[in-house]
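Take a look at the structure set out below.
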Amino acid sequence: MPKPRVFVGLRVAGWERRVIERVLSPLSEVLYLGGGRDPYKGIEEAEAAIAFKLPLDAINRARRLRFVQSPTAGVDALNVEELARRGVLIATSKGCNATSVAEHAMALVLALAKQITTQDSELKRGVWRRHTDETMLIDLKGSTMGIIGYGNVGRELARIAKAFGMRVLAIRRTPQEGSDPYADFVGGPGDMLRVLRESDFVVLCLPLTKETRGLIGERELRAMKKTAFMINVGRGAVVDEDALYRALVEGWIAGAGIDVWWAYPPREGAPSPKGIHRLPNVVATPHMAGWTRRARERCLRFAAENVARFLRGEEPLNVVSPERGY
């Protein structure tokens, strides 16, 4: 009896193939995204796929496809509605890069609090800062961090923030009963404005869903302290771009650290059509928070193991709800 086929819709290096095949080769024939005019050649015979996006043409051809495993935490780049309509099960790899993303979020917090990029730029231009009230930096110890989206990344970030002596307030979909080892308060959506008002650093760790798109707008930004900073390592479209631009230019908030954006190359205007990445009070990185060797290996291994569960007839982990989109 021939082995089932798994299509890997990713550009992978040799070591990445070995991670995948170590898990899947005993159970299946593994096919990979190719080059040329037909990169999805072979997807017609695949029962499962590992991909963070699939064009509609590939979905139309994949008539035997029953399971799609994203190697990332989010599935906003996948056509979830179309796949669900065809009865295809979808799962994420949420949690596999939580430590890496949380560390990057903390790096943005530190860069803003200590004005790292500004001082570096000045010194390279030959400017030596004077010790004045205006050039004072911010202590993290005793400051308050608000974490919007208290999942895998949010909890790991809270653990790190506590090590810096910060007070941590968090928001999740449903309020948490009882104490939390890292957060001083874990509330629900109704507590959002309170957390925004009290926080010196607001970190967004949210996936992009129908519920979260545009969640942070003018009302939320105006609720923040004028001395506060917003950091986004979730998804760009969680924040209203126009409102954030005004908040940064008009001084509603002090600044922002952004790793996730509203537009991606080769789209015109990427990463921010409004030019937020060029503002002097913004520290910008190109969606690299989860891109470490260890995180990539963990994510690929988890994805392969979850596909293996599916092929063995077991219940996969992290199955996406089509209604929620996460």
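Things worth noting here:
- Only helices reaching 18 angstrom along their own axis (Cα) with mean Kyte-Doolittle hydropathy no lower than -0.5 count here, and for the DSSP H runs of the chain these are 98-113.
- Note on H287 and R173: the extension gain reaches 38.6 nm, defined as 0.36 nm multiplied by sequence separation minus the Cα-Cα distance.
- Rough spin-label spacing in nm, given labels placed 7 Å along Cα→Cβ, for E45 and A163: 4.8 nm
- Net charge over other residues, Cβ less than 10 angstrom from the Cβ of L208 (K, R count +1; D, E count -1): +1
- Residue with peak Gaussian network fluctuation, the chain [Cα springs, cutoff 10 Å], from M145, M230, M166: M166
- For the chain, Cys with no neighbouring Cys Cβ under 4.7 Å: C205
- Between amide H atoms placed 1.01 Å from N, distances below 5 Å from D139 occur with no residue 5 or more places distant or on a separate chain.
- Taking all protein chains together and a 1.4 Å probe, the residues T292, T212 rank T292, T212 from largest to smallest accessible area.
- When shorter helices are ignored and each DSSP H run of at least 4 residues is given -39500 (n - 2.57), the per-residue value for the chain at 222 nm works out to -9000 deg cm²/dmol.
- Cα gyration tensor category, rounded, prolate or oblate, for the range 272-326 with a/c compared to 1.5: oblate
- Note on the chain: Kirkwood hydrodynamic radius from all Cα pairs is 21.2 Å, rounded to one decimal.
- Relative contact order, percent, the chain [alpha-carbon distance under 8 Å, six or more residues apart]: 18 percent
- Contact order normalised by residue count of the range 1-90, Cα under 8 Å, 6+ apart, percent: 27 percent
- Modelled spin-label separation between Y264 and T117, with each label point placed 7 Å from Cα along the Cα-to-Cβ direction: 2.0 nm.
The values are calculated or read from the model by the stated rules, or taken from the named source; none is laboratory data. Only a predicted model underlies this, so the values are computations on that prediction, with no experimental measurement involved. Here the Cβ is made from the backbone with ideal geometry for all residues, glycine too, and neighbour counts use every protein chain on show. These accessible areas exclude ligands, DNA and RNA; they are computed on the full protein's heavy atoms, side chains included. Shrake-Rupley method; radii C 1.70, N 1.55, O 1.52, S 1.80 Å.
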